[in-house]
Amino acid sequence: MELKHISFTAVFVEEPSGGYSAYVEEIPGANSQGETLGEAKSNLEEAIQLVLETNKILAQKNQIKGNKSFREPLSFAG
């Protein structure tokens, strides 16, 4: 899944015990952590991809059988 043409707001919180926790404001469930800021960013990117892929799988499983539906790519380029 490509995230090249879309932007999110990542929040990084420096933890008192060390390291960083991170989340994306626009995507519930996209949370992560890391020992360094770079690691937290990398882990958060992976978390975003996993959340979006999981949501896609769940949506496909929940489609009502027998109902006509159409799926197509939707792109946002800035």
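Coordinate-derived values only; no laboratory data. Every value quoted in this text rests on a predicted model; they were computed, and no experiment measured them. Glycine also receives a Cβ, built like all others from the backbone with ideal geometry; neighbour counts cover every protein chain displayed.
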(request) For region 13-40, name all the residues that are exposed (fewer than 13 other Cβ atoms within 10 Å of the Cβ), acidic (Asp, Glu) and more than 22 Å from Asn55 (Cβ to Cβ). (result) Glu14, Glu15, Glu35
(message) If I ask for residues that are polar (S, T, N, Q), more than 14 Å from Phe8 (Cβ to Cβ) and touching a helix residue (DSSP H, G or I) at 6+ places or on another chain (Cβ under 8 Å), which ones from region 18-61 would you list?
(response) Ser21, Gln33
(message) Tell me the residue from Glu53, Glu39, Glu26, Glu46 that is of a type outside the set (Val, Ile, Thr) and in a loop (DSSP other than H, G, I, E, B), please.
(response) Glu26
